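The next block holds one structure in the form of structure tokens; read it before the comments.
The values are calculated or read from the model by the stated rules, or taken from the named source; none is laboratory data. Not measured: the values here are computed from a predicted model. Don't worry about glycine lacking a Cβ; one is built from the backbone with ideal geometry, like all the others, and counts go over all protein chains shown.
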Amino acid sequence: MSASAPAEPSERGARERILAAAVERIAGDGIDDMRIARVAMDAGVSTSLVHYHFETREALLAEAIEYSFEIAGEVRLGEASDEDGVGGPEARLLAMIDQCLPYPGHLQRDWVLWVELWLRTVRHPELQPTAARLYERMRDWFTEGIEACGYDGDAGRLADRAIAMSDGLGVRVLIGELAIAYARQQIWDFLASEIGLDRSLTAG
């Protein structure tokens, strides 16, 4: 085998299939129990192609999380608008809170990946730039959402606190210790109180 990529059709498409398969395997099995052979089988590629693109488990984890973040970003980082049925900056901010909590489905899966990233980053400092980059993007996204609601204070500081709340409460929801509706209400109550919004908006 030469140093070039294995000759498989549609390399970009294959790479995306690998990442999509890795997201599901990491969420289901954990990064330590994930098997490259299973990822390759799920993606319909050879194990050599997986190893070509991702030399280590940490590299695969980092890119799988970024891939998952980008897919979710069609909602999370996209420009939510009235045409999407979101209904104004306050309702958009509430929708952003929802996107940061482990609701059943892809959001819960994404949360499992975040937990894997947190744990892995402690032991593998090379993952720190990935974690920092994703948190920076989330902070910018929340900051914009808060400013859109007319807040004239330090929106970045408020965004940091909202993210900290979603992380802390989200973990408790993920392990089944806390109801997700309660977590949602707590975060909204905090933001609504700070910004001066209707705290009863979550009732809908």
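For the range 95-111, give me the residue count where each residue is farther than 17 Å from Tyr135 by Cα and among the acidic types (Asp, Glu). Outline the logic, then answer.
Filtering the range 95-111 down to residues farther than 17 Å from Tyr135 by Cα leaves 95, 103-106, 108-109.
Now drop any that are not among the acidic types (Asp, Glu), which leaves none.
Going through the range 95-111 one residue at a time, the tally reaches 0.
Residue-wise test of (1) surrounded by fewer than 16 Cβ atoms within 10 Å (Cβ to Cβ); (2) out of contact with any Phe, Trp or Tyr (no Cβ under 7 Å at 6 or more places or on another chain); (3) farther than 23 Å from Glu70 by Cβ.
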{"residue": "Tyr135", "(1), (2), (3)": "yes, yes, no"}
{"residue": "Asp140", "(1), (2), (3)": "yes, yes, no"}
{"residue": "Thr143", "(1), (2), (3)": "no, yes, no"}
{"residue": "Ala148", "(1), (2), (3)": "yes, yes, no"}
{"residue": "Gly170", "(1), (2), (3)": "no, no, no"}
Review point. For residues in the range 172-192 being in a helix (DSSP H, G or I) and under 19 Å from the mean Cα position of the chain (by Cα), which is surrounded by the most Cβ atoms within 10 Å (Cβ to Cβ)?
Key: Ile187
**Study point:** Those residues of the range 72-108 which are modelled with pLDDT of 85 or more, over 22 Å from Asp189 (Cβ atoms) and part of a helix (DSSP H, G or I), in sequence order
**Key:** Gln108
